[in-house]
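A.B. asks: One structure, as structure tokens, below. Some questions next.
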Amino acid sequence: MSTSLHHRAVEHLGTRIVGGTLPTGHVMLAEHLEEELNVSRSVVREAVRVLQSLGLVETIKRVGIRVLPAHRWNPFDPLVIRWRLAGEARGAQLRSLAELRSAVEPVAAELAAGNAPDALRQELMDISLAMREAGDAGDTARFLELDIRFHALVLSGSGNEMFANLIGQVTETLTGRTVHGLMPEHPQQQALQWHIDVAEAIHAGDGPRAREASDQIMRHTIAELAPIWESQPRVFVPVART
């Protein structure tokens with residue numbers, strides 16, 4: 001099976017479902033997808049398996065492939081995040097991610113100050129200083145690479161494997177903001193300093209200061225992005241009765 005064909009089928013269907021072109025309840029037939037995408041049945045079958053794993057569709061015998069509502073999707077999967085950031089729900093996705101990060105990253109920074117290995121602490125220091133250089137130079141691509149690495153190290157350095165498993169989500173957030181023009185060409189000096197403050201506090205083993213500086217980063221991020229999501233509705237996930 002061609003990996004590129006499989007990828008194209010997943011991307012084509014995923015973006016249309018998340019973007020609302022294929023609405024909740026819409027039923028697709030495998031044979032129609034073969035014709036539409038000009039791929040084999042095996043490619044369609046594998047693409048549908050991926051979409052099922054993300055909670056986007058379900059297959060029903062003698063009916064077809066049905067699109068599921070948004071509250072059934074896996075909101076933590078990087079693919080779902082990427083597709084939401086590319087569509088009209090961009091604001092709502094940014095809000096959810098920013099709120100998640102604001103709840104997790106300051107705690108992760110505090111934990112990293114107490115638990116991170118020495119090599120990670122030093123790398124974090126080096127990256128925070130390199131971020132300032134890239135930000136001042138307006139090197140967007142380099143800054144994105146460093147920013148992703150910085151936040152990944154903070155999550156990993158916490159020593160909490162569940163926090164570390166949010167690295168993919170943070171990566172898609174930062175990448176999406178850059179790709180869609182939602183990051184300034186020259187980051188604010190105060191924001192750059194807060195990253196250095198986080199790194200210095202973790203390096204020094206000062207948990208409360210690391211948490212406070214990380215919290216400042218997230219408060220700034222939320223204030224910066226809030227206008228984008230003002231009119232976007234929230235997703236309320238039904239709670240099953242026990």
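The values are calculated or read from the model by the stated rules, or taken from the named source; none is laboratory data. All of these numbers come straight from a predicted model, not from anything done at the bench. Heads up, the Cβs are rebuilt from the backbone with ideal geometry, glycines too, and the neighbour counts pull from every protein chain shown.
A.B. asks: Do the conditions hold for residue 199, that is, is it small (Gly, Ala, Ser), over 14 Å from the mean Cα position of the chain (by Cα), assigned to a helix (DSSP H, G or I) and modelled with pLDDT of 95 or more? Break it down stepwise before answering.
C.D. replies: Details: small (Gly, Ala, Ser): yes; over 14 Å from the mean Cα position of the chain (by Cα): yes; assigned to a helix (DSSP H, G or I): yes; modelled with pLDDT of 95 or more: yes.
For residue 199, the condition - small (Gly, Ala, Ser), over 14 Å from the mean Cα position of the chain (by Cα), assigned to a helix (DSSP H, G or I) and modelled with pLDDT of 95 or more - is met.
A.B. asks: Of a type in the set (A, V, I, L, M), surrounded by 14 or more Cβ atoms within 10 Å (Cβ to Cβ) and outside the structural domain of residue 175 (by TED's automatic domain parsing): is that true of residue 63 in this structure? Steps first, please.
C.D. replies: Values: of a type in the set (A, V, I, L, M): yes; surrounded by 14 or more Cβ atoms within 10 Å (Cβ to Cβ): no; outside the structural domain of residue 175 (by TED's automatic domain parsing): yes.
For residue 63, the condition - of a type in the set (A, V, I, L, M), surrounded by 14 or more Cβ atoms within 10 Å (Cβ to Cβ) and outside the structural domain of residue 175 (by TED's automatic domain parsing) - is not met.
A.B. asks: In the stretch 68-80, is there at least one residue being within 27 Å of residue 99 (Cα to Cα), among the aliphatic types (A, V, I, L, M) and more than 19 Å from the chain's Cα centre (by Cα)? Explain how you work it out, then say what you get.
C.D. replies: First, the residues of the stretch 68-80 that are within 27 Å of residue 99 (Cα to Cα): 68-80.
If we keep only those that are among the aliphatic types (A, V, I, L, M) as well, we get 68, 70, 79-80.
Still in the list and also more than 19 Å from the chain's Cα centre (by Cα): 68.
Yes, there is a match, as at least one residue in the stretch 68-80 is within 27 Å of residue 99 (Cα to Cα), among the aliphatic types (A, V, I, L, M) and more than 19 Å from the chain's Cα centre (by Cα).
A.B. asks: Considering only residues of the stretch 178-196 that are part of a helix (DSSP H, G or I) and of a type in the set (S, T, N, Q), which is surrounded by the most Cβ atoms within 10 Å (Cβ to Cβ)?
C.D. replies: Initially, the stretch 178-196 is screened for residues part of a helix (DSSP H, G or I), giving 178-179, 189-196.
So of that shortlist, the ones also of a type in the set (S, T, N, Q) come out as 178, 189-190, 193.
Numbers: 178: 16, 189: 11, 190: 10, 193: 14.
That would be 178.
A.B. asks: Applying the selection to the stretch 171-189, what residues are among the β-branched types (Val, Ile, Thr) and over 15 Å from residue 95 (Cβ atoms)?
C.D. replies: Of the stretch 171-189, the ones among the β-branched types (Val, Ile, Thr) are 171, 173, 175, 178-179.
If the condition is that a residue be among the β-branched types (Val, Ile, Thr) and over 15 Å from residue 95 (Cβ atoms), then 171, 175, 178, 179 are the ones that fit.
Residue-by-condition table, conditions (1) of a type in the set (D, E, K, R); (2) within 22 Å of residue 76 (Cα to Cα):
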| site | (1), (2) |
| --- | --- |
| 190 | no, no |
| 202 | no, no |
| 209 | yes, no |
| 224 | yes, no |
| 237 | no, yes |
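A.B. asks: Confirm whether residue 143 is in a helix (DSSP H, G or I), touching a helix residue (DSSP H, G or I) at 6+ places or on another chain (Cβ under 6 Å), in the same structural domain as residue 105 (by TED's automatic domain parsing) and more than 21 Å from residue 77 (Cα to Cα).
C.D. replies: Values: in a helix (DSSP H, G or I): yes; touching a helix residue (DSSP H, G or I) at 6+ places or on another chain (Cβ under 6 Å): yes; in the same structural domain as residue 105 (by TED's automatic domain parsing): yes; more than 21 Å from residue 77 (Cα to Cα): yes.
Criteria met by residue 143.
A.B. asks: Scanning the stretch 91-115 for residues that are over 13 Å from the mean Cα position of the chain (by Cα) and aliphatic (A, V, I, L, M), which turns out surrounded by the most Cβ atoms within 10 Å (Cβ to Cβ)?
C.D. replies: 112
A.B. asks: Right, something else. Any residue that is farther than 16 Å from residue 111 by Cβ, among the aliphatic types (A, V, I, L, M) and crowded, with 18+ Cβ neighbours inside 10 Å - is there at least one of those in the stretch 148-168?
C.D. replies: Yes: one or more hits.
A.B. asks: Are there any pairs, at least 6 apart or on different chains, whose C-beta atoms fall under 7 Å, with the first in the stretch 46-65 and part of a loop (DSSP other than H, G, I, E, B) and the second acidic (Asp, Glu), and if so, which?
C.D. replies: The qualifying pairs are 54/77.
A.B. asks: Also, I was wondering about something else. For the stretch 113-128, give me the residue count where each residue is more than 18 Å from residue 212 (Cβ to Cβ) and in contact with a Leu (Cβ under 8 Å, 6 or more places away or on another chain).
C.D. replies: Counting residues in the stretch 113-128 that are more than 18 Å from residue 212 (Cβ to Cβ) and in contact with a Leu (Cβ under 8 Å, 6 or more places away or on another chain) gives 3.
A.B. asks: Which of (1) part of a helix (DSSP H, G or I); (2) within 27 Å of residue 33 (Cα to Cα); (3) free of Cβ contacts under 8 Å to residues at least 40 places away in the same chain does residue 83 not meet, given it meets every other one?
C.D. replies: (3)
A.B. asks: So, in the stretch 130-140, how many residues would count as being touching a residue at least 40 places away in the same chain (Cβ under 8 Å) and part of a helix (DSSP H, G or I)? Reasoning before the result, please.
C.D. replies: The initial filter retains those residues of the stretch 130-140 that are touching a residue at least 40 places away in the same chain (Cβ under 8 Å), namely 131-132, 135-136, 138, 140.
Still in the running and part of a helix (DSSP H, G or I): 131-132, 135-136, 140.
Total meeting the criteria: 5.
A.B. asks: May I ask you to verify whether residue 35 is loosely packed, with under 15 Cβ neighbours inside 10 Å and assigned by TED's automatic domain parsing to the domain that holds residue 201? Before the answer, list the steps.
C.D. replies: Numbers: loosely packed, with under 15 Cβ neighbours inside 10 Å: yes; assigned by TED's automatic domain parsing to the domain that holds residue 201: no.
For residue 35, the condition - loosely packed, with under 15 Cβ neighbours inside 10 Å and assigned by TED's automatic domain parsing to the domain that holds residue 201 - is not met.
A.B. asks: If you take the residues in the stretch 86-105 that are small (Gly, Ala, Ser) and in a loop (DSSP other than H, G, I, E, B), which one is modelled with the lowest pLDDT? Walk me through it before giving the result.
C.D. replies: Just the residues of the stretch 86-105 that are small (Gly, Ala, Ser), to begin with: 86-87, 89, 91-92, 96, 98, 102-103.
Those left that are additionally in a loop (DSSP other than H, G, I, E, B): 86-87, 89.
Numbers: 86: 92, 87: 90, 89: 87.
The qualifying residue modelled with the lowest pLDDT is 89.
A.B. asks: Identify, from the list 225, 144, 182, 192, the residue that is within 17 Å of the chain's Cα centre (by Cα) and at pLDDT 95 or above.
C.D. replies: Residue meeting the stated conditions: 144.
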